[in-house]
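Asker: Please read through the structure below; I'll follow up with questions.
The values are calculated or read from the model by the stated rules, or taken from the named source; none is laboratory data. Everything numeric here is computed off the predicted structure, so don't read it as measured data. Cβ placement follows ideal geometry from the backbone for every residue including glycine, while neighbour counts extend to all protein chains displayed. Calculation scope for accessible area: heavy atoms of the full protein, side chains included, ligands and nucleic acids excluded. Shrake-Rupley method; radii C 1.70, N 1.55, O 1.52, S 1.80 Å.
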Amino acid sequence: MKKKKLGSLGFVLKLLPVALLLSLALDHTRLGEELENLTLDWRFQARAAYDPPAHPQVLMVAIDEDALAKFGRWPWPREVHAALMAGLSTRPPAAVAFDLLFTEPSADPAMDQKFGDGLVLLSSSITAAAAENLEHTQKFTAEYAGNTKAIAHFTGDVSRLVGNDTGLLPVRILAESSHTGFVNSPPGTDGVRRRLPLVVRCGTRVFPSLVLQALLQSKGLDTDAVEVVLGQHIRVKGTQKTWDIPIDDQGRMIVNYRRPDSFTVFPYAALMAKLGEHQGREWPKDYPPVEGQVLFIGQTAAGLSDLGPTPYDPLTPLVLIHANALSGILRGDYITRPDALVVIAAWTVIALVTMLLLRYGSITVSILVPALMIAAYVGAAFYFFQAHSLHLPLAWPVLGFALVEGGALLHRLVLELRAKSRIKGMFGTYLAPQVVEQMIASGEEPKLGGQQSEITAFFSDIAGFSSFSEKLTAERLVHLMNDYLTEMTDILHDNGGTLDKFIGDAIVGMFGAPLYFQGHAYHACRAALLIQKRQIELREKWRKEGGWPDIVFEMQTRIGLNSGQAIIGNMGSRRRFNYTMMGDTVNLAARSESGAKSYGVYTMLTGETKTLAQAFKDDITFRFLDRIVVKGRSTPVEMYELVGFDAEITPETQECLSLHKRGMERYLAQDWAAAKALFQRAAVREIHQDSNPSLVMLKRCDELNANPPPADWDGVYVMKTK
């Protein structure tokens, strides 16, 4: 046995460097890059709910469907943008960046001049065949860049930058009246633009991107304030602050995407309208200030060309990339990566420690440790990305762990399968099957214990079930109950409920355990309504089958619900126990089911369940029945009937509920005569004429009229029976 263990350890130690080399080799392939990008997208999506809002200075102006409807098909005449710039002069932004290429002159040069007079920042593009094939396109070269200055303070190999010898400038009038920023952003292998060039090359000179130019113009700086050190940073020295922006050896920053709705968006048409409406008037506080902000103007309408994939959506307005980048710069919100050698060293140490645990641990440890290590690393990668924007590599370390630990565990697979069979053989005879499965999955033996949690307890029972036993043979009764319990339990499960137990014809269940979820009270109410509807269908099904006594066609189910804190967990004896619930909340649910008969209803619930259900979704009708103290309790509780879904309540039932509600108001005011009159009118409109809440309250009014309560009576009725 000892030699076998040593041999196994030697195999694993040989596997370690092989697994490391294979996983690192994969990381440098296109497949490895795409896998890592996929995990990065998952991290972006996982942290989206925790994303902070974009920097308040960044404002997106969307050329959306409404703008196209108002100003016509794209592209628009230059006068539309000129009108926008004229309107913005009343609330001057810090910078206006158009993520649009104005490379063709207008039919009316005056419109170009008018547009250019108000401009701050336009887009340009480095291309391989700039303007030679375009008759009117302004050619961008190292010698001519319009009003845009090259960056003088540059350290590094300029040939590494994204660029070419020529590019596309806006038409001359616009190029000479505005600053230009380049929008070149080559996508990655998966089509997502994860790295955004902040500087580009034109010939041998270096020029700023649209994002970097927007930062400069918004802070009143020019390119003399920029220092570029490839592979390290771009440093922008302002009058009051210095920005150090991390870049790679190609002058690109990693875009730290934040969810799209964290950015403030002002529709293009709405902005023009508001600028016109409030010219000379106070700007509304509930609108973005515009003044002092950096405006990124770009296309967002479906069908336009400037859309592409991001970690959040396959069709995202690409102007959002520039907005993300500038917001990240202003907030100092950058993605960072640890040193690769540090990650490799840490991975090796963890793998070796894990193998020692596998060498001396039990089978359970051999299975759990690798899974937990991978889960812990994945969890850490997600956590550090969410909390600190730290990008830990995920694809190759997880693959490496899987190879090493998989090889170490392979020889024990047969033993594990045998262990599972042995556990089932040992425990299956006296433990519930679901407890056995939990034990196998967790690797722990089941034990007694529970915890307190908020749930909705569910109790149902067939009214007058003893009569069924008298009129059906045992075989027919079992067939009927199997049919009934299957249908009702399926509805319970489909609505998120957990079956606790069957007690003869009774169903005991819970909502919100073992896994808590919002809306457990609402889903319990919904399940109860669907069960009552399904019972009507079952009665019709049994009628069509034939051979059943009439009592089957009259089957009714009473249901009780209550919400609150309860003890849930494994309970019973030390040798046999089940996952169940207990506590006052559970007892009151059971009393609600049995007490429903006293009020002539078939589903009764407490005020706590009603309140929680309506807070989650308000599409169910409830009827206030009474304020009672059930037998065995001293605290009064409000009880309600679960009537039905709002959309299914008939006008006659609505009138009945209205009359009953008014009757209850008079009842609580001790106006017995008025209450009786209203209850009598309601009674004739009740669905169930033999027994119903209106008839119950009529009798109650007579009793209290004969024996009036004290003057300070609070409307509480003490139940005499369970």
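Asker: What do you reckon, is Val255 under 25 Å from the mean Cα position of the chain (by Cα) and either under 30 Å from Asp339 (Cβ atoms) or at pLDDT 95 or above (or both)?
Answerer: It is true that Val255 is under 25 Å from the mean Cα position of the chain (by Cα) and either under 30 Å from Asp339 (Cβ atoms) or at pLDDT 95 or above (or both).
Asker: Of the numbered conditions (1) open to solvent by less than 10 Å² (accessible area, probe 1.4 Å); (2) under 22 Å from Pro288 (Cβ atoms), Arg47 fails exactly one; give the number of that condition.
Answerer: (2)
Asker: To continue, here is another question. Do you know which residues across region 688-700 are in contact with a strand residue (DSSP E or B) (Cβ under 9 Å, 6 or more places away or on another chain) and either surrounded by fewer than 12 Cβ atoms within 10 Å (Cβ to Cβ) or among the hydrophobic types (A, V, I, L, M, F, W, C) (or both)?
Answerer: The answer is Val696, Met697.
Asker: Can you work out which of the residues in region 88-118 that are of a type in the set (Val, Ile, Thr) and assigned to a loop (DSSP other than H, G, I, E, B) is nearest to the chain's Cα centre (by Cα)?
Answerer: Looking at the filtered set, the residue picked out is Thr90.
Asker: Could you tell me whether Val183 is touching a Leu at 6+ places or on another chain (Cβ under 9 Å), closer than 16 Å to Val236 by Cα and surrounded by 24 or more Cβ atoms within 10 Å (Cβ to Cβ)?
Answerer: no
Asker: Now for a separate question. Can you pull out every residue in region 633-673 that is within 23 Å of Ser594 (Cβ to Cβ), of a type in the set (A, V, I, L, M, F, W, C), open to solvent by 30 Å² or more (accessible area, probe 1.4 Å) and touching a Gly at 6+ places or on another chain (Cβ under 8 Å)?
Answerer: Correct list: empty.
Asker: Every residue in region 634-652 that is more than 19 Å from Phe458 (Cα to Cα) and of a type outside the set (A, V, I, L, M), please.
Answerer: Ser634, Thr635, Pro636, Asp646, Glu648, Thr650, Pro651, Glu652
Asker: Give me a count of the residues in region 634-681 that are among the acidic types (Asp, Glu) and within 39 Å of the chain's Cα centre (by Cα).
Answerer: Within region 634-681, the first condition is being among the acidic types (Asp, Glu), and the residues that meet it are 638, 641, 646, 648, 652, 655, 665, 671.
Okay, now just the ones that are also within 39 Å of the chain's Cα centre (by Cα), so 638, 641, 646, 648.
Result for region 634-681: 4.
Asker: Residues being touching a helix residue (DSSP H, G or I) at 6+ places or on another chain (Cβ under 6 Å), assigned to a helix (DSSP H, G or I) and not aromatic (Phe, Trp, Tyr): count how many of those fall in region 483-522.
Answerer: So the count comes out to 5.
Asker: Do any residues in region 71-83 that are under 11 Å from Leu100 (Cβ atoms) have Cβ atoms under 9 Å from those of residues that are of a type in the set (Val, Ile, Thr) and crowded, with 19+ Cβ neighbours inside 10 Å, where the two are at least six apart or on different chains, and which pairs are they?
Answerer: Matching pairs, first to second residue: Trp74/Ile63; Trp76/Ile63; His81/Ile297.
Asker: Filter region 227-240 for residues that are surrounded by 21 or more Cβ atoms within 10 Å (Cβ to Cβ) and under 16 Å from Leu330 (Cβ atoms) and give the result.
Answerer: Those that are surrounded by 21 or more Cβ atoms within 10 Å (Cβ to Cβ) and under 16 Å from Leu330 (Cβ atoms): Ile234, Val236.
Asker: If you don't mind, there's one more thing I want to ask. Of everything in region 496-511, what is touching a strand residue (DSSP E or B) at 6+ places or on another chain (Cβ under 7 Å) and open to solvent by 30 Å² or more (accessible area, probe 1.4 Å)? Give them in sequence order. Reasoning before the result, please.
Answerer: Filtering region 496-511 for residues touching a strand residue (DSSP E or B) at 6+ places or on another chain (Cβ under 7 Å) gives 496-501, 505-511.
The answer is Gly496, Thr498, Leu499, Lys501.
Asker: Could you look through region 351-377, keep only residues that are more than 21 Å from Asn37 (Cβ to Cβ) and either within 28 Å of the chain's Cα centre (by Cα) or at pLDDT 85 or above (or both), and pick out the one that is most open to solvent (accessible area, probe 1.4 Å)?
Answerer: Restricting to residues being more than 21 Å from Asn37 (Cβ to Cβ) and either within 28 Å of the chain's Cα centre (by Cα) or at pLDDT 85 or above (or both), the top hit is Leu372.
Asker: From the residues in region 159-170 that are out of contact with any helix residue (DSSP H, G or I) (no Cβ under 6 Å at 6 or more places or on another chain) and surrounded by 17 or more Cβ atoms within 10 Å (Cβ to Cβ), which one is modelled with the highest pLDDT?
Answerer: If we take residues in region 159-170 being out of contact with any helix residue (DSSP H, G or I) (no Cβ under 6 Å at 6 or more places or on another chain) and surrounded by 17 or more Cβ atoms within 10 Å (Cβ to Cβ), then Leu161 is modelled with the highest pLDDT.
Asker: Which ones in region 1-55 are modelled with pLDDT of 90 or more and farther than 22 Å from Gly400 by Cβ?
Answerer: Of everything in region 1-55, those that are modelled with pLDDT of 90 or more and farther than 22 Å from Gly400 by Cβ turn out to be Phe44, Gln45, Ala46, Arg47, Ala48, Ala49, Tyr50, Asp51, Pro52, Pro53, Ala54, His55.
Asker: Taking region 50-65 as the region of interest, how many residues are surrounded by 15 or more Cβ atoms within 10 Å (Cβ to Cβ) and part of a helix (DSSP H, G or I)?
Answerer: Total meeting the criteria: 1.
Asker: For residues in region 204-236 being charged (D, E, K, R) and at pLDDT 95 or above, which is nearest to Phe154 (Cα to Cα)?
Answerer: Filtering region 204-236 down to residues charged (D, E, K, R) leaves 205, 219, 222, 224, 227, 235.
Imposing the further condition that a residue be at pLDDT 95 or above reduces the set to 227, 235.
Details: Glu227: 6, Arg235: 10 Å.
Per the stated criteria, the residue is Glu227.
Asker: Among the residues that make up region 272-290, is at least one of them polar (S, T, N, Q), in contact with an Asp or Glu (Cβ under 7 Å, 6 or more places away or on another chain) and more than 22 Å from Leu216 (Cβ to Cβ)?
Answerer: The initial filter retains those residues of region 272-290 that are polar (S, T, N, Q), namely 279.
Filter again for in contact with an Asp or Glu (Cβ under 7 Å, 6 or more places away or on another chain), leaving none.
So far as region 272-290 goes, no, none of its residues is polar (S, T, N, Q), in contact with an Asp or Glu (Cβ under 7 Å, 6 or more places away or on another chain) and more than 22 Å from Leu216 (Cβ to Cβ).
Asker: May I pose another question? So which pairs qualify, if the first residue must be in region 378-397 and farther than 19 Å from Gly32 by Cα, the second must be among the charged types (D, E, K, R) and surrounded by fewer than 20 Cβ atoms within 10 Å (Cβ to Cβ), the Cβ gap must be under 7 Å, and the two must be at least 6 apart or on different chains?
Answerer: Filtered contacts from region 378-397: Phe385/Arg47; Gln386/Arg47; Ser389/Asp333.
Asker: Take Gly203 and tell me if it is out of contact with any strand residue (DSSP E or B) (no Cβ under 9 Å at 6 or more places or on another chain) and open to solvent by less than 60 Å² (accessible area, probe 1.4 Å).
Answerer: no
Asker: Which residue pairs have Cβ atoms closer than 7 Å, lie 6 or more positions apart in sequence or on different chains, and pair a first residue in region 517-534 that is more than 13 Å from Thr611 (Cα to Cα) with a second residue that is among the acidic types (Asp, Glu) and open to solvent by 10 Å² or more (accessible area, probe 1.4 Å)?
Answerer: The qualifying pairs are Arg534/Glu487.
Asker: Working only within region 702-722, note down all residues that are closer than 20 Å to Arg633 by Cβ and at pLDDT below 85. Full working, then the answer.
Answerer: The initial filter retains those residues of region 702-722 that are closer than 20 Å to Arg633 by Cβ, namely 709, 713-722.
Residues satisfying the conditions are Val718, Met719, Lys720, Thr721, Lys722.
Asker: Being among the small types (Gly, Ala, Ser) and open to solvent by 10 Å² or more (accessible area, probe 1.4 Å) is true for just one of Ala323, Ala301, Ala269. Which residue is that?
Answerer: Just one listed residue meets the conditions, Ala269.
Asker: Output the strands (runs of 3 or more DSSP E) that fall wholly within region 523-632 and possess 2 or more residues being at pLDDT 95 or above and open to solvent by 10 Å² or more (accessible area, probe 1.4 Å), or say none.
Answerer: Per the criteria, 557-572, 620-629.
Asker: Hey, can you tell me all the residues within region 168-188 that are more than 24 Å from Val255 (Cα to Cα) and outside any loop (DSSP other than H, G, I, E, B)?
Answerer: Our first condition is that a residue be more than 24 Å from Val255 (Cα to Cα); within region 168-188, this holds for 168-178.
If the condition is that a residue be more than 24 Å from Val255 (Cα to Cα) and outside any loop (DSSP other than H, G, I, E, B), then Leu168, Leu169, Arg172, Ile173, Leu174, Ala175, Glu176, Ser177 are the ones that fit.
Asker: I've got another one for you. If we scan region 234-249, do we find a residue that is in a helix (DSSP H, G or I) and touching a strand residue (DSSP E or B) at 6+ places or on another chain (Cβ under 7 Å)?
Answerer: Within region 234-249, not a single residue is in a helix (DSSP H, G or I) and touching a strand residue (DSSP E or B) at 6+ places or on another chain (Cβ under 7 Å).
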